[in-house]
Structures are given as structure tokens and as C-alpha cells.
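Just below is one structure, and these are the notes that go with it.
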Amino acid sequence: MLALTPIGKITKVHGAQGELKAKVEERFLDALYNAEFVFVKQAGKPVPFFLEDIRGDDNPILKLEEIDSPQDATPLTSQELLLETQLVEQFAEEASGTSSFGYLTGYTLHDQNSGKSGLIKEVLEYPQQEIASVVDDKNLSVLIPLHDELIVEIDDEKKIVEVKLPDGLFEV
């Protein structure tokens with residue numbers, strides 16, 4: 001299954017050609033400007049659309065293939081805008097020189113080895129790597145390194161980070 005990351009929302013129709021104005025988080029703009037297609041949630045499911053054109057900075061204006069009139073565009077307003085997670089991560093890495101896991105704040109971290117889980121309260125950035133400050137079900141805090149080799153899967157829809165940590169790492 002294709003992993004998708006929510007990057008913003010379509011706010012309104014723009015002009016007579018069916019263009020759409022979007023509110024996109026700044027950290028996702030580079031990925032959006034380099035995307036060939038975007039996904040728009042319709043009836044709770046992501047639907048792909050090829051990007052014909054994109055312009056503007058903070059609130060980009062999108063021209064989607066086969067959306068050629070305000071009538072075609074109207075059903076897409078107020079809908080969530082998504083990109084492939086792989087593309088988002090690629091541009092986050094290029095921007096920082098390393099992986100950027102800051103968006104994982106609020107996700108649940110689950111260790112497949114110990115079976116323990118906790119809420120990621122914040123992601124701390126250190127020169128060597130990023131660390132998740134995780135609070136477990138007993139309200140105890142633990143620091144977990146976020147590294148591509150430890151992460152099994154990130155499910156953005158369910159907001160779950162599956163990891164395989166070395167024994168004893170998810171201890172207080």
C-alpha cells in the first residue's frame with residue numbers, strides 16, 4: 001500500500017480554469033513543487049491527480065489534470081491534500097542533510113521487539129541524530145533515537161511509528 005503524508009488542504013477554487021488554491025505547510029512546499037501528482041481525499045479515500053501547473057509561494061495555486069472548470073474544482077475544496085511519503089521524506093532529507101522526523105510529534109511509537117508503546121511528545125534535534133521523547137502508558141518518559149535502520153514503518157494515516165529497538169532501549 002502506498003504511504004501518503006497529509007501536506008495541507010485545498011481552500012478554494014481560483015479562477016475560471018478550475019485552478020485550486022491550497023494551504024500547504026511550509027515544510028512540504030519543496031516536495032509539492034517537485035511532485036508529478038498529488039492526492040486529494042474524496043469520500044475518505046485518496047484520489048491521484050496529475051499536476052499540470054503550480055505557482056505561488058505560501059498558498060500555492062494548483063492546476064490539476066482533467067479539472068478544467070470551477071464546477072469540476074468545487075467538490076475538491078476543503079479536502080485534504082496528500083503527497084507520497086517517500087517524496088516528502090526525500091525533500092526533508094535534502095533540506096536538512098539528514099532525516100527530518102519532527103512531523104512525528106503526536107504519533108504513537110510501537111516497538112515490535114518489546115511490545116511497548118508510547119506517545120511521541122516531541123522530537124529533539126541533536127547534531128548526530130533526532131531523538132523522540134516518548135511517554136508510555138505509565139506516564140514515564142523515555143528517549144528513543146529516530147534512525148532509518150530502527151524504523152520499520154511509518155503509518156501517517158493511523159499516526160503510528162513501528163520500530164524494532166535493541167533489547168532494553170524502551171526502558172526508563
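General observations
- V134 falls short on exactly one of the conditions (1) crowded, with 17+ Cβ neighbours inside 10 Å; (2) at pLDDT 90 or above; (3) outside any strand (DSSP E or B); (4) not assigned by TED's automatic domain parsing to the domain that holds A35, and that condition is (3).
- Residue check, V123 within 23 Å of the chain's Cα centre (by Cα), closer than 22 Å to L82 by Cβ, without any contact (Cβ under 8 Å) to a residue 24 or more places away in the chain and in a strand (DSSP E or B): yes
- Any pair with Cβ under 7 angstrom, 6 or more apart, that starts in the range 79-94 at a residue that is farther than 9 Å from A31 by Cβ and ends at one that is modelled with pLDDT under 80: E93/S99; E93/S100
- Verdict on L87 being modelled with pLDDT under 95, closer than 30 Å to H147 by Cα and in a strand (DSSP E or B): no
For (1) farther than 20 Å from I160 by Cα; (2) not in a strand (DSSP E or B), each residue gets a yes or a no:
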| site | (1), (2) |
| --- | --- |
| L32 | yes, yes |
| P46 | no, no |
| F50 | yes, no |
| L62 | yes, no |
| Q71 | yes, yes |
| P75 | yes, yes |
| L82 | no, no |
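- D72 vs. criteria at pLDDT below 90 and charged (D, E, K, R): no
The values are calculated or read from the model by the stated rules, or taken from the named source; none is laboratory data. These figures come from a predicted structure and were not determined experimentally. Note that we place each Cβ from the backbone using ideal geometry, even for glycine, and neighbour counts take in every protein chain shown.
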